[in-house]
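Notes follow the structure.
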Amino acid sequence: MSQYTLNVNGQSRTVDVAPETPLLWVLRDHLDLVGTKFGCGIGMCGACTVHLNGTPARGCQTPISTVGTQRVTTIEGLSATATHPLQKAWMELDVPQCGYCQAGQIMTAAALLREKPKPTDTDIDNAMVGNLCRCATYTRIRAGIHRAAELGANGGAR
Amino acid sequence: MSTLNQKPDVRGQTSEAGAPAGGLDRRSFLKFSTLAGGGLLLGFYAKDAFAADAAVGQPTAATMGDFAPNAFIRIAPSGAVTIIAHKPEMGQGIRTALPMIVAEELDVDWAAVTIEAGMFDTPKYGSQSAGGSTATPQNYDPMRRMGATARAMLVEAAAQTWGVPVSECTTAAGSVLHAASGRKAGYGTLVAKAATLPVPAANTLVLKDPKDFKIVGQRISGYQNADVVTGKAIFGVDQKIPGMLYAVFEKCPVFGGKVVSANLDKIKTLAGVKQAFVIDGTANLTGLMPGVAILADSTWAAFSARKQLEVKWDEGPRATDSTAAFDKRAVEIGSKMEGGTTVRTVGDTAAALAGAAKVVEAAYSYPFISHTNLEPQNTTAYVQGDRVEVWSPTQNPQAGAGLITSALGIPAANIKLHITRSGGGFGRRLSGDYMVEAAAISQKAGVPVKLTWSREDDLQHDHFRPGGHHFIKGGLDASGKLIAWAHHNVTYGTMGAGRGGGAPTLSPGSGGGLDGNQFPANAVPNFQVMQTIMECSIPMGPWRAPGNCAFAFVTQGFVDELAVAAGKDPVQFRLDLLDAYPAPAAPAAAPAAGGRGGGGGGGGFNVARARGVLQLAAEKAGWGKKFPKGQGAGIAFHFSHMGYVAYVAEVTVSRTGVLKVDRVVAAADVGRQIVNLSGADNQIEGSIIDGLGTAMYQELVLDKGRMVKGNFAEYPMIRMPQAPAKIEIHYLKSDNNPTGLGEPAIPPIAPAIGNAIFAATGKRLRAFPWSKTDLSWT
């Protein structure tokens with residue numbers, strides 16, 4: 001066991017865990033941030049997507065010992081007031097079905113919109129291909145990202 | 001037409017799943033006690049409520065006098081309205097849809113409603129299972145009456161208070177109005193009075209005219225969406241209770257195998273591990289199977305320790321079973337139109353085939369697949385003596401509770417069960433295996449535990465959708481009319497297994513049954529369907545529209561082949577078959593044992609409704625368009641779970657064989673009223689993509705008695721780039737009671753796309769997964 005002090009959603013959090021423990025389980029079991037989900041454990045479903053210094057990363061494939069001082073952002077920290085354009089668009093278009101994958105979808109999409117504020121369908125497909133949705137809400141996710149791009153362009157909170 | 005940019009209502013008020021009434025003063029609520037006012041609870045609710053009285057005893061005077069919440073509605077003096085959602089939410093939107101119905105008849109603003117998930121409580125709510133697309137048809141009228149009853153009492157309270165006739169009072173947006181005097185009273189101000197009034201008889205209730213609906217029929221965003229998009233929605237796997245240990249459970253990879261020994265002494269020395277032990281389990285393939293439990297102080301510690309677990313298994317008699325051997329045997333059996341159990345036979349099929357102008361013959365097949373809920377199976381349980389509290393992502397709490405009683409000896413009345421939000425259901429969570437596992441581990445460990453399955457567990461120990469083979473011969477006369485249909489289905493079954501157990505006879509797995517009455521049965525004068533069951537030990541369970549996905553793929557594909565052979569347009573050929581049905585349509589025969597039947601909850605095949613969706617889909621899609629080579633359109637329809645759905649799919653297949661679904665036009669008839677347009681569209685959109693993904697990619701392979709696909713690397717799922725570019729949805733609002741959409745929208749999509757691929761390439765896809773077929777063309 002080793003101590004790690006993390007920067008999670010702008011807060012300093014210290015945990016005492018084995019060095020190989022994936023960030024996913026540190027968030028969920030030790031920091032009670034359960035919005036980041038476990039789906040496959042091999043980095044192929046994207047349910048555990050978080051941001052490290054703003055870049056999407058798979059929480060299940062990120063040993064805690066490699067996180068260091070990078071800023072960790074989870075779905076709980078994307079927007080304190082649920083006003084990120086993606087969050088607003090998701091509610092407006094009723095994107096979620098079961099909702100289990102949606103935190104990962106939103107975190108991946110948030111990074112896409114930061115890179116490409118006006119993504120094409122192809123941009124979206126390429127960015128989102130790593131995120132599974134078992135309920136198959138893909139058409140609404142696509143529409144939701146386009147809608148969020150509009151909301152962002154119209155001065156929505158980012 | 002449905003578009004995705006219409007704005008649904010957005011609301012954010014939610015109540016945590018399973019939470020009690022929070023800080024609200026129970027005495028301040030309007031009371032419609034289910035026990036005191038049985039008249040409020042109609043039909044099956046009342047029956048269950050009275051049955052439960054005997055079991056749990058009559059309510060005491062204290063509880064009778066208390067403002068205990070009623071089954072479905074609470075109104076506080078502040079006017080705050082809470083509606084209880086009693087059915088499990090797994091993405092099908094039922095915790096939004098049913099409260100919408102209550103709120104409509106109660107006549108309150110949707111934005112003012114807080115929805116609270118109901119605990120498992122059969123006496124209070126009746127069945128809390130969500131399966132078979134039954135929640136809407138079984139609850140539509142009762143939920144209307146729940147709302148109307150409360151509204152009637154509030155109106156009565158206002159009328160008495162004001163000394164005016166009830167007939168002069170109206171309601172709107174949570175208030176009673178008296179137009180003549182200009183008086184208005186919010187519901188909250190009337191609760192004290194209303195609570196003293198008798199519950200009106202059901203036959204005195206006046207329901208709204210649907211043309212006055214303000215909530216039902218609108219596009220309403222899911223009730224917990226604000227929590228979902230902020231990571232606050234709590235699923236089963238997110239539960240945490242004080243003192244809880246994190247458990248994993250390893251079962252024999254060969255179904256039915258038992259534990260001989262395990263290196264438990266070593267496991268107990270590993271970091272974070274607190275306990276490790278064997279659970280003997282039972283012989284029920286879909287119940288508590290034997291295995292080894294490891295309990296640790298974190299999920300990761302338990303997962304890590306498990307990598308060092310070594311178990312010696314008694315694999316039992318099925319350790320040599322394989323898909324390859326089953327497939328070989330199926331072809332040997334099914335290629336002969338004899339030897340099977342007759343499901344249905346009409347006329348003289350052999351003679352008709354012998355005399356046919358043209359005979360078409362084909363073999364269709366599909367593999368075992370998994371439900372693959374993205375939230376792996378899990379349950380949190382705390383057994384204390386002969387009591388247990390359970391938090392579980394279940395779509396069928398009764399199943400888990402039943403297993404806990406039968407396998408662990410905990411009385412039904414001592415099971416307290418929180419029905420958490422589920423990360424997908426698809427039928428998997430109708431089974432209670434993971435619930436009884438968690439309870440068994442807690443019982444033995446003496447501490448609260450959260451059991452979490454790995455993805456590998458999930459693919460290895462699903463209650464799988466059975467694979468199957470269909471061998472069909474169709475005979476056409478000289479005019480192209482279908483005169484004979486001979487069909488041998490080879491499926492899988494187990495001895496006395498299945499949900500709830502059963503007599504020790506060989507019966508098909510759930511979804512392996514065959515309904516001999518499905519289209520085009522009654523349109524063909526010589527019709528013979530037989531079935532052979534191959535015995536296995538694979539646990540099988542209902543998978544979204546059990547059996548119907550396979551059956552629609554086979555029949556709607558083969559009907560397409562017949563249309564081509566007859567030189568007829570695929571739509572016209574189907575319409576001709578529907579016209580050949582006797583009028584009125586013959587009543588549905590009882591489905592074969594284990595079969596879901598076409599009705600899936602009642603109701604026979606209605607030719608007019610089938611014709612209606614077929615024609616609507618064709619019309620809206622502009623059926624008959626000419627496409628260049630490599631592009632094409634296909635059509636299919638199917639009836640299941642009381643719903644009729646037809647699709648036209650338009651596809652492009654590149655010369656190198658890459659499939660792109662360009663457009664899907666849906667026509668659905670689920671009765672006269674869509675409850676939530678957004679939710680209904682969601683079910684159809686999801687079904688289209690799920691159905692495509694299943695047909696294209698999914699396949700489990702059995703070898704040496706075990707499923708060999710480990711994780712998503714070996715078991716690919718459909719992803720965003722493969723989703724259709726455009727989906728258009730049309731509802732045919734026939735004058736029938738509203739029915740569900742969780743299932744009937746999935747069966748016809750695979751054949752519609754498959755038929756489109758044939759139109760585009762000339763390649764007929766007769767076996768799932770299609771990804772194994774080269775679609776390239778020149």
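The values are calculated or read from the model by the stated rules, or taken from the named source; none is laboratory data. From a predicted model like this one, the values you see are computed outputs, not experimental measurements. Note that each Cβ is placed from the backbone with ideal geometry, even for glycine, and that neighbours are counted across all protein chains shown. SASA here: full protein model, heavy atoms, side chains in, ligands and nucleic acids out. Shrake-Rupley method; radii C 1.70, N 1.55, O 1.52, S 1.80 Å.
When segment B:622-651 is limited to residues that are surrounded by fewer than 24 Cβ atoms within 10 Å (Cβ to Cβ) and hydrophobic (A, V, I, L, M, F, W, C), the one that is nearest to B:LEU732 (Cα to Cα) turns out to be B:TRP623.
Is it fair to say B:ASP238 is farther than 30 Å from B:ASP109 by Cβ, out of contact with any Lys or Arg (no Cβ under 6 Å at 6 or more places or on another chain) and within 13 Å of chain A (Cβ to nearest Cβ)? Outline the logic, then answer.
Working: farther than 30 Å from B:ASP109 by Cβ: yes; out of contact with any Lys or Arg (no Cβ under 6 Å at 6 or more places or on another chain): yes; within 13 Å of chain A (Cβ to nearest Cβ): yes.
Against the criterion (farther than 30 Å from B:ASP109 by Cβ, out of contact with any Lys or Arg (no Cβ under 6 Å at 6 or more places or on another chain) and within 13 Å of chain A (Cβ to nearest Cβ)), B:ASP238 qualifies.
Being in contact with a Pro (Cβ under 8 Å, 6 or more places away or on another chain) and assigned to a loop (DSSP other than H, G, I, E, B) is the filter here, so list the residues in segment B:257-281 that pass it. Before the answer, list the steps.
Here is the first cut: in segment B:257-281, the ones in contact with a Pro (Cβ under 8 Å, 6 or more places away or on another chain) are B:257-259, B:278-281.
The answer is B:GLY257, B:ASP280, B:GLY281.
Screening B:ALA159 with (1) more than 14 Å from chain A (Cβ to nearest Cβ); (2) assigned to a loop (DSSP other than H, G, I, E, B); (3) small (Gly, Ala, Ser) gives one miss only, at (2). Taking residues in segment B:425-450 that are more than 14 Å from every other protein chain (Cβ to nearest Cβ) and touching a residue at least 40 places away in the same chain (Cβ under 8 Å), and partners anywhere that are of a type in the set (Lys, Arg) and open to solvent by 10 Å² or more (accessible area, probe 1.4 Å), the pairs with Cβ atoms closer than 7 Å and at least 6 places apart or on different chains are B:LEU430/B:ARG499; B:SER431/B:ARG499.
If you check B:GLY347 against the conditions, is it without any contact (Cβ under 8 Å) to a residue 12 or more places away in the chain, open to solvent by 30 Å² or more (accessible area, probe 1.4 Å) and more than 14 Å from every other protein chain (Cβ to nearest Cβ)?
Numbers: without any contact (Cβ under 8 Å) to a residue 12 or more places away in the chain: no; open to solvent by 30 Å² or more (accessible area, probe 1.4 Å): yes; more than 14 Å from every other protein chain (Cβ to nearest Cβ): yes.
It is false that B:GLY347 is without any contact (Cβ under 8 Å) to a residue 12 or more places away in the chain, open to solvent by 30 Å² or more (accessible area, probe 1.4 Å) and more than 14 Å from every other protein chain (Cβ to nearest Cβ).
Could you say which residue among B:ARG151, B:ARG144 is assigned by TED's automatic domain parsing to the domain that holds B:CYS169, among the charged types (D, E, K, R) and open to solvent by less than 40 Å² (accessible area, probe 1.4 Å)? Show your work before the answer.
Working: B:ARG151 fails: open to solvent by less than 40 Å² (accessible area, probe 1.4 Å).
Just one listed residue meets the conditions, B:ARG144.
Consider segment B:306-322. How many of its residues are polar (S, T, N, Q) and surrounded by 15 or more Cβ atoms within 10 Å (Cβ to Cβ)? Adding up the residues that qualify gives 1. If the condition is being more than 9 Å from chain B (Cβ to nearest Cβ) and part of a loop (DSSP other than H, G, I, E, B), then segment A:91-131 contributes A:LYS116, A:PRO117, A:LYS118, A:PRO119, A:THR120.
Restricting attention to segment A:46-65, the residues being within 11 Å of chain B (Cβ to nearest Cβ) and either open to solvent by 10 Å² or more (accessible area, probe 1.4 Å) or farther than 22 Å from B:GLY710 by Cα (or both) number 4. Scanning segment A:62-85 for residues that are over 29 Å from A:HIS146 (Cβ atoms) and assigned to a helix (DSSP H, G or I) returns A:ILE64, A:SER65, A:THR66. Among the residues making up segment B:649-679, those that are over 28 Å from B:SER771 (Cβ atoms) and within 11 Å of another protein chain (Cβ to nearest Cβ) are B:ASN676, B:LEU677, B:SER678, B:GLY679.
Report yes if some residue within segment B:266-288 is surrounded by fewer than 24 Cβ atoms within 10 Å (Cβ to Cβ), within 24 Å of B:MET707 (Cβ to Cβ) and in contact with a Cys (Cβ under 9 Å, 6 or more places away or on another chain); otherwise report no. Within segment B:266-288, none of the residues are surrounded by fewer than 24 Cβ atoms within 10 Å (Cβ to Cβ), within 24 Å of B:MET707 (Cβ to Cβ) and in contact with a Cys (Cβ under 9 Å, 6 or more places away or on another chain). Being more than 23 Å from the chain's Cα centre (by Cα) and within 14 Å of chain A (Cβ to nearest Cβ) narrows it down to one residue among B:LYS763, B:LYS709; which is it? Unique residue meeting the criteria: B:LYS709. Being more than 30 Å from B:VAL490 (Cα to Cα), open to solvent by less than 10 Å² (accessible area, probe 1.4 Å) and touching a helix residue (DSSP H, G or I) at 6+ places or on another chain (Cβ under 9 Å) is true of B:ASN378.
Count of segment B:289-305 residues, restricted to those that are open to solvent by less than 30 Å² (accessible area, probe 1.4 Å) and in a loop (DSSP other than H, G, I, E, B), is 3.
Show me the strands (runs of 3 or more DSSP E) found entirely inside segment A:1-54 where at least 3 residues are in contact (Cβ under 8 Å) with a residue 40 or more places away in the chain. Steps first, answer last, please.
On the way: elements: A:2-8, A:11-17, A:49-52.
The strands (runs of 3 or more DSSP E) meeting that bar are A:2-8, A:49-52.
Only one entry of A:GLY68, A:GLY39, A:GLY43 meets the criterion of being outside the structural domain of A:ILE124 (by TED's automatic domain parsing), of a type in the set (Gly, Ala, Ser) and surrounded by fewer than 17 Cβ atoms within 10 Å (Cβ to Cβ), and that entry is A:GLY68. Pull out all pairs, ordered by first then second residue, where Cβ-Cβ is under 9 Å, the residues are six or more apart or on different chains, the first lies in segment A:132-144 and is facing chain B (nearest Cβ under 7 Å), and the second is among the basic types (Lys, Arg) and open to solvent by 10 Å² or more (accessible area, probe 1.4 Å). Between residues of segment A:132-144 that are facing chain B (nearest Cβ under 7 Å) and residues that are among the basic types (Lys, Arg) and open to solvent by 10 Å² or more (accessible area, probe 1.4 Å), the close pairs are A:LEU132/B:ARG719; A:TYR138/B:ARG719; A:THR139/B:LYS726.
Let me confirm something: among B:ALA325, B:ALA330, B:ALA357, B:ALA352, which residue is under 30 Å from B:ALA565 (Cα atoms) and open to solvent by 50 Å² or more (accessible area, probe 1.4 Å)?
Testing whether each residue is under 30 Å from B:ALA565 (Cα atoms) and open to solvent by 50 Å² or more (accessible area, probe 1.4 Å) leaves just B:ALA357.
Residue count for segment B:652-692 under the criterion of being closer than 12 Å to B:ILE729 by Cα, open to solvent by less than 10 Å² (accessible area, probe 1.4 Å) and either assigned to a strand (DSSP E or B) or at pLDDT below 95 (or both): the result is 6.
Each row is one residue, and each column tells you yes or no for (1) at pLDDT 95 or above; (2) in a helix (DSSP H, G or I); (3) in the same structural domain as B:ARG344 (by TED's automatic domain parsing); (4) over 30 Å from B:LYS328 (Cβ atoms).
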position: B:LYS416; (1), (2), (3), (4): yes, no, no, yes
position: B:GLU437; (1), (2), (3), (4): yes, yes, no, yes
position: B:LEU451; (1), (2), (3), (4): yes, no, no, yes
position: B:GLY480; (1), (2), (3), (4): yes, no, yes, yes
position: B:VAL490; (1), (2), (3), (4): yes, no, yes, no
position: B:THR494; (1), (2), (3), (4): no, no, yes, no
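Screening A:GLY68 on (1) small (Gly, Ala, Ser); (2) within 7 Å of chain B (Cβ to nearest Cβ); (3) more than 14 Å from the chain's Cα centre (by Cα) shows it passes everything except condition (2).
Of the set (1) within 30 Å of A:PRO85 (Cβ to Cβ); (2) away from chain A (no Cβ under 14 Å), all apply to B:LYS193 but (1). Are any residues in segment B:704-724 more than 15 Å from B:PHE464 (Cα to Cα), open to solvent by 50 Å² or more (accessible area, probe 1.4 Å) and not in a loop (DSSP other than H, G, I, E, B), and if so, which ones? Once the filter is applied, which keeps residues that are more than 15 Å from B:PHE464 (Cα to Cα), open to solvent by 50 Å² or more (accessible area, probe 1.4 Å) and not in a loop (DSSP other than H, G, I, E, B), segment B:704-724 yields only B:GLN722. Against the criterion of being closer than 29 Å to B:ILE674 by Cβ, crowded, with 21+ Cβ neighbours inside 10 Å and either touching a Ser or Thr at 6+ places or on another chain (Cβ under 8 Å) or not assigned by TED's automatic domain parsing to the domain that holds B:GLY291 (or both), B:VAL216 qualifies. Scanning segment A:71-82 for residues being at the interface with chain B (Cβ under 10 Å from one of its Cβ atoms), surrounded by 15 or more Cβ atoms within 10 Å (Cβ to Cβ) and not aliphatic (A, V, I, L, M) gives a total of 4.
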